[in-house]
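K.L.:
Got a structure for you, questions after.
The values are calculated or read from the model by the stated rules, or taken from the named source; none is laboratory data. What you see is a predicted model; the values in this text were computed from it and never measured. Glycine gets a Cβ as well: all are built from the backbone with ideal geometry, and neighbour counts include every protein chain shown. Protein only, heavy atoms only, side chains kept; ligands, DNA and RNA dropped before computing areas. Shrake-Rupley method; radii C 1.70, N 1.55, O 1.52, S 1.80 Å.
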Amino acid sequence: MSDLPPRRSVRRWLVTTNHKDVGILYLATAIAFLLIGGILALVFRLHLLEPGGTGLLSGNEYNQYVTSHGLLMVFWFLSPFAFGFANYFVPLQIGAKDLAFPRLNAMSYWFYLLSGVLAVAAFFLGGSFAGGWTLYAPLNVPTYTPAMEATTGSNATVFGLLMFVISVTMGTVNFMTTIHRHRAEGMGLWNMPLFTWSILLTVWMMLFAFAALLAALLLLGADRIFLTQYFATDQGSGLLWAHLFWFFGHPEVYIVFFPALGIMFEAFQTFCGRRLVGRKWVIIAMVLVAVQSFLVWMHHMFLTTINLEIKTLTMATTIGISLPFDLMVFALIYTMVKGRVRFTTPFLYSLGALVLFILGGITGVFLGAIVLDYEFRGTYWVVAHFHYVMVSGVTALIGGLYYWWPKMTGRMYSEFLGKLSFAVYFIGFNLVYFPMFLAWETPRRVFHYSGDMTLWHQLSTVGAFVLGLSVLMIIATLVHSLRYGAIAPDNPWEYSRTAEWAVPSPPPLENWDGRASYASGSLEFVPDTPATDGGAVADGGTATAEAAHAGHEERHPDHASIWPFAIGVGTFVFFLGLSGLTPTVIELIEPYYPADGPVITTAGEISYLYPAITVVGLAIMGVSLFKMGVEDFYVPEPRVAERWPFGGDLDDTKMGVWVFLASDVVVFGAAIGAYVFLRLHEGWASFDPIPFAAWPGLLNTYILLTSSFTVIMALVMAERGNKRGLLGFLGATMALGLAFMGVKAFEYGVKFSQGEFWFTGLEYSLYFVTTGLHALHVIIGLLIAAFMIYRIVSIDAYLEDERPVEFFGLYWHFVDIVWVFLFPIFYLM
Amino acid sequence: MQTRVDVFEDIFMIFLVLGTIVGVIVVAYTLYNAYKYRDTGEPADEDAPTLGELPTGGQGGKKLFLSFALSAVVVISLVAYAYVLLLYVETGPEGENPGEDAIEIDVEGWAFDWDFHYEDGVETTGTMYVPAGETVWINVTSDDVWHSFGISDQRVKADAIPGEYDQTWFVAEEPGEYEDAIECFELCGSGHSGMTADLVVLEPEEYEEWLEEERAALEEDEEDDEESEEDTENDEEAEEEEDDEGGED
């Protein structure tokens, strides 16, 4: 609402929703987490100086450090660092003024930062999660928590991760909508710069992969707080977690690496002065990888009990997915041929990344051969291999930092210092990770290694400090640039092609006057009027029907809102509170806890502190969400843009809702999948329906289907501008939703009165958690409906623009459809 | 008969040699091109990329596909070769999963040690006894969390997952006592790092003798047990009390 304060004011950074500001916040925060994750690594590498450890860390501390190092680097450094660039440069590259949903963008940043704070705070809440970044079951449930001597801290790690996933989901919706619907005139999908392509494919993968992780973490959270038994049994729990985690985890490898690849493509083209060889095939190869990434996850489970046929299939898909990367690597190599290669700092980092990636790729082929994988599983070979791949990605991202630094800061950096940092970095990198190949027989996450590996581990530790030094040198180079660097021109790099170099360094708040257009075949900035054919500029300012429809012709877009930050804080406080609930819950349920259930040895003690924190968090969330809902925040949609294939009568918000629902489909899919998996494992017929009768489910099916009808009627009324009708049908929808919850409460109540709870047995956990997840969706729907009714009563909302009613309807129908699946599964089968 | 060690050495060597050759060639070619086409300050030809152009691809697609096809052939043939050996490993050296008189040992991991169950109820903890030169089939599972049982020297490994039984085999050729040869390869808690066990490889006849002795000792124990049944009951009660106390930690 308010004007954006200047960049030197702290307030600016709390309220900004501008994509460039948010990009800088992402980059700075990611570097902070890099430093924290790096320090953890230095500490445990020091511990590894001697076989059996130097005594610096206890076994449990070592596990905590290793676990948090992995989590922080993969989740809180790598991806967000890449998304810092994506925030800053994707809109510039595609000719957009900002992301489609600027407040949502700010919100995903605050969720990201605060989720990381929660994960780091875990160390001070009795010890962070110590079960490895893969969180394998059943070590990840509270039964084994006493061995880790912490509940609150390790819960905080898990909920930090959950909050991070929410941040990613918001980012996904935003980038998906922006890239698909805000491209400049003339820029078809094929024409997008490769960095933007890499981000588009990354968010497509994120959409499905992170939704699976979200589901896994929700189930794990339920296990950890409410003592359900998803991951606590010896009835397939371990394999279930591995499937869920790696279904997310393998695409995650490409999610982390693709943006780095995109930067390599950009830097190679610019600094070789040549266009990418085989560009079309490179894009096709990337699309193939993105699709296939969901079919290879079981290669992380070759040594488990999955059968030979599945292993063979997974081996085939794994080899299949490695081939497109061969093509990409060769495309980069041939782009240098006949070029004019300039060894600037960003190019050195990109070239270094390519060399390291080649080594990482070759050592990966070893792991693709199942017989070898049997021997390499759980050893330093794996550690060395994935560091070569992942940190090769980091190398390219650092290249990106140098490449775009002049654009972001308006200052050039010192090439000498930059190259020096690269030399130290490259030596340090190979000194850390190459000896790990030589020490490959060492089991992962172990400090009792055999004596003949000592030299390699010591070299690796030395390398870690060299690599750490190089990171400090990079930071020093950039600080030096800020102080003493020459003023950067708009385009410091000869042969750059993409639009960010056509605007000032740094670009103004709204990037350019008018709008970007490629209608003539190359970039032009034209007055923001509807396009006529061929990009010819119409005489300025003729108001069209479309512009009139928007109704804000003269209004300036907003760039500042405090509510994303406030919602982030509320959510943080809420999850912090949840983290400490376990002992209280244990104390409360103990009298009803089954004697044959998984052993709970954590001493239960009623605590009033954490429940209070949870409630405070909910209150902050509620107030700030409401405030954001009523805030008048104007974000124009571009009048002219390339939108294929998401044009037509879709608008940004509707597309966002669809994308969100698509991810929610995966969340429920994973929850239902977990049910099917565990039930099949135990024997399908061995489960009886948990509800005391089928009729409450049937009744609720009728209730929800009727509410789908009333919400359609509400939309019809809104279209007609009939306020009373709209209020009536929206009210009826709410009433039906409440009736549904009433029946549900009765049904649960009957079970409780029979002494059967969610922790009574595995099938009870499945029933209560899955239907509970659905009920949570109903409750959220009810809150939205209540808010809408308030808006209709208070400001006659939706009578002129009925679209929000339609969006709510989409969500509500989705929740109804999910129930149609849950009813037969839980009541009839 | 090829042991797991033989299989591994064959295949690892081939992968290592080919991998090194391919790696050296590709990296050298990359660096060669970077050097050869370094910017010499000559004026750009007309085809140079320009700011604001709509992206298109550069020339040189044929070479790209040739290299790609070559790399695909290398990778696919390597993996196909490895697959043949996989089938050998999966079925075992006798060409059948554990035959009728195969030696089978059930391995159970628990935080933080290993139990071994031999025939006739013989059990050991922390030390695994196997006969030299014979195929030993193992069934690996876990009593608590996910572990992974591995003997690096014997190139054998199997995940130990609660409720699952992962079967594999190995042949230990050299008799001897191998301290800490058995390690845990999956993070399993605070004692994971030290979760090792010893491997004792005996001559086949010694192994039989050892098994016989253990069996006899077991029978003696059972007789003792019957004699002092009352004592045992008392002991059990005492143990239970201890458990309860431990539980409140």
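K.L.:
Taking region A:52-92, which chymotrypsin sites (Phe, Trp or Tyr not before Pro) meet the DSSP loop condition and have no more than 12 other C-beta atoms within 10 Å?
P.N.:
Details: sites: A:Y62, A:Y65, A:F75, A:W76, A:F77, A:F81, A:F83, A:F85, A:Y88, A:F89; in loops: none.
Nothing satisfies the criteria.
K.L.:
In straight Cα distance, which lysines are under 25 Å from B:K157, not counting same-chain residues fewer than 8 positions off?
P.N.:
Cα-Cα hits under 25 Å: A:K311.
K.L.:
A:F159 accessible area, nearest 10 Å², 1.4 Å probe?
P.N.:
10 Å²
K.L.:
Sequence-distant or interchain residues sharing an amide H contact under 5 Å with B:N139, placed H: which?
P.N.:
Placed amide hydrogens put B:I105, B:D106, B:V107 under 5 Å from B:N139.
K.L.:
Given a 1.4 Å probe, how much area per residue of region A:645-781 is accessible, in Å²?
P.N.:
41 Å²
K.L.:
Turning to a different aspect of this structure: Roll a 1.4 Å probe over the protein heavy atoms and report the accessible area of A:F746 in Å², nearest 10.
P.N.:
100 Å²
K.L.:
Sequence gap at least 6, Cα distance under 8 Å: using those rules, report the relative contact order of region A:103-217 to the nearest whole percent. Write out the running numbers ahead of the final one.
P.N.:
Details: 119 pairs, mean separation 36.7, N = 115.
The value is 32 percent.
K.L.:
Let me ask you something else. Short version: which residues of region A:358-394 lose at least 30 Å² of accessible area, all chains versus chain alone, 1.4 Å probe?
P.N.:
By number: A:I358, A:I362, A:V365, A:F366, A:A369, A:V371, A:L372, A:Y374, A:E375, A:R377.
K.L.:
Spelling out what I want: for every residue of region B:56-67, take phi, set θ = phi - 60°, compute 6.51 cos²θ - 1.76 cosθ + 1.60 (Karplus), and round to whole Hz; glycine and proline get x.
P.N.:
9, x, x, 7, x, x, 4, 4, 4, 6, 4, 4
K.L.:
Within chain A, what's the longest stretch lacking trypsin sites (Lys or Arg not before Pro) that sit in DSSP loops with no more than 12 other Cβ atoms inside 10 Å?
P.N.:
A:9-554
K.L.:
Got a number for carbon plus sulfur as a percent of region B:33-87's accessible area, 1.4 Å probe?
P.N.:
It is 65 percent, rounded to a whole number.
K.L.:
A follow-up question, please. Taking +1 at the Cβ of each Lys and Arg and -1 at the Cβ of each Asp and Glu, which of B:T40, A:L609, B:G126 sits farthest along the dipole of the protein assembly as shown towards its positive end, judged by Cα position relative to the Cα centre?
P.N.:
Farthest along the dipole direction, towards plus: B:T40.
K.L.:
If you don't mind, there's one more thing I want to ask. With θ taken as phi - 60° and the coefficients 6.51, -1.76 and 1.60, list the Karplus ³J(HN,Hα) couplings across region A:397-409 in order, rounded to whole Hz; mark glycine and proline as x.
P.N.:
5, 5, x, x, 4, 5, 4, 9, 3, x, 5, 6, 10
K.L.:
Right, here's the next one. Whole angstrom only: what separates the Cα centroid of region A:570-613 from the Cα centroid of region B:73-149?
P.N.:
With region A:570-613 and region B:73-149 each reduced to a Cα centre, they are spaced 41 Å.
K.L.:
Let me know the shape class of chain A, please: from the alpha-carbon gyration tensor, a ≥ b ≥ c as square roots of the eigenvalues, rounded when a/c is under 1.5, otherwise prolate if a/b is greater than b/c, or oblate.
P.N.:
In terms of gyration-tensor shape, oblate.
K.L.:
Given Cβ point charges of +1 (Lys, Arg) and -1 (Asp, Glu) and nothing else, what value in debye, to the nearest 20, does the dipole of region B:103-239 about its Cα centre take?
P.N.:
For region B:103-239, the charge dipole is close to 1660 debye.
K.L.:
At 1.4 Å probe size, what's the solvent-accessible area of A:I284? Round to the nearest 10 Å².
P.N.:
Spelled out: A:I284, probe radius 1.4 Å, area about 60 Å².
K.L.:
Now a separate question. Among B:L202, B:A160, B:W110, whose Cα sits farthest toward the positive end of the charge dipole of region B:103-239 (+1 at Cβ of Lys/Arg, -1 at Cβ of Asp/Glu, about the Cα centre)?
P.N.:
Sorting the options by dipole projection puts first B:A160.
K.L.:
Let me ask something else about it. Placing +1 at every Lys and Arg Cβ and -1 at every Asp and Glu Cβ, with all other atoms neutral, what dipole size does chain A have around its Cα centre, in debye to the nearest 20?
P.N.:
Computed charge dipole of chain A: roughly 1640 debye.
K.L.:
Amide H of B:E134 versus every other amide H placed in the peptide plane: which residues, excluding those fewer than 5 positions away on the same chain, fall under 5 Å?
P.N.:
Amide H to amide H, under 5 Å and 5 or more residues apart or across chains, B:E134 pairs with B:A172.
K.L.:
Once the Cα gyration tensor of region A:687-829 is diagonalised, what are the square roots of 5 times its eigenvalues, in whole Å and ordered largest first, as equivalent ellipsoid semi-axes? Walk me through the numbers before you get to the answer.
P.N.:
Working: eigenvalues 223, 34, 27 Å².
In descending order the semi-axes read 33, 13, 12 Å.
K.L.:
Can I ask one more? Report the accessible surface area buried between chains A and B, summing both sides, using a 1.4 Å probe on protein heavy atoms only, in Å² rounded to the nearest 100.
P.N.:
Chain pair A/B: roughly 7900 Å² of buried accessible area.
K.L.:
Then there is this: To the nearest 20 debye, what is the magnitude of the charge dipole of region A:1-90 about its Cα centre, counting +1 on the Cβ of each Lys and Arg and -1 on the Cβ of each Asp and Glu?
P.N.:
Working: 6 positive and 4 negative charges, 87 e Å.
The calculation lands at about 420 debye.
K.L.:
While we're here: Mind ranking A:D796, A:D688 by accessible surface for me, highest first, 1.4 Å probe? Mind dumping the intermediate values first?
P.N.:
On the way: A:D796 75, A:D688 110 Å².
The most accessible residue leads, giving A:D688, A:D796.
K.L.:
Just to be sure I understand the interface: list residues from region A:479-521 that lose 50 Å² or more of accessible area between the chain on its own and the complete protein assembly, 1.4 Å probe.
P.N.:
A:Y495, A:R497
K.L.:
Shifting gears a bit: Could you work out the relative contact order of chain B? I mean the mean sequence separation of Cα pairs under 8 Å and 6+ apart, divided by the number of residues, in percent. Walk me through the intermediate numbers first.
P.N.:
Working: 318 pairs, mean separation 38.8, N = 249.
Taking the mean separation of contacting Cα pairs over the length of chain B, I get 16 percent.
K.L.:
Of A:A566, A:S522, A:F808, which is farthest on the positive side of the dipole of the protein assembly as shown, counting Cα position, with +1 on Lys and Arg Cβ, -1 on Asp and Glu Cβ, and the Cα centre as origin?
P.N.:
Farthest along the dipole direction, towards plus: A:S522.
K.L.:
Return the long-range amide H neighbours of A:R183 (sequence gap of 5 or more, or a different chain), with a cut-off of under 5 Å between placed amide H atoms.
P.N.:
Hits under the 5 Å cutoff: A:E642.
K.L.:
Alpha carbon centre of region A:16-45 versus region A:169-246: separation in Å?
P.N.:
If we compute the Cα centre of each part, the gap is 21 Å.
K.L.:
I need the phi-derived Karplus couplings for region A:131-142: 6.51 cos²θ - 1.76 cosθ + 1.60, θ = phi - 60°, integer Hz, Gly and Pro marked x.
P.N.:
Result, rounded to whole Hz: x, x, 5, 7, 6, 4, 8, x, 5, 7, 9, x.
K.L.:
Run down the lysines and flag those whose C-alpha is under 30 Å from the C-alpha of A:K338, throwing out any fewer than 8 positions away in its chain.
P.N.:
A:K280, A:K407, A:K419, B:K36, B:K62, B:K63
K.L.:
Another question, if that's okay. Which order do A:D223, B:D115 take when ranked by solvent-accessible area (1.4 Å probe, heavy atoms of all protein chains), largest first?
P.N.:
If we order A:D223, B:D115 from most to least accessible, we get B:D115, A:D223.
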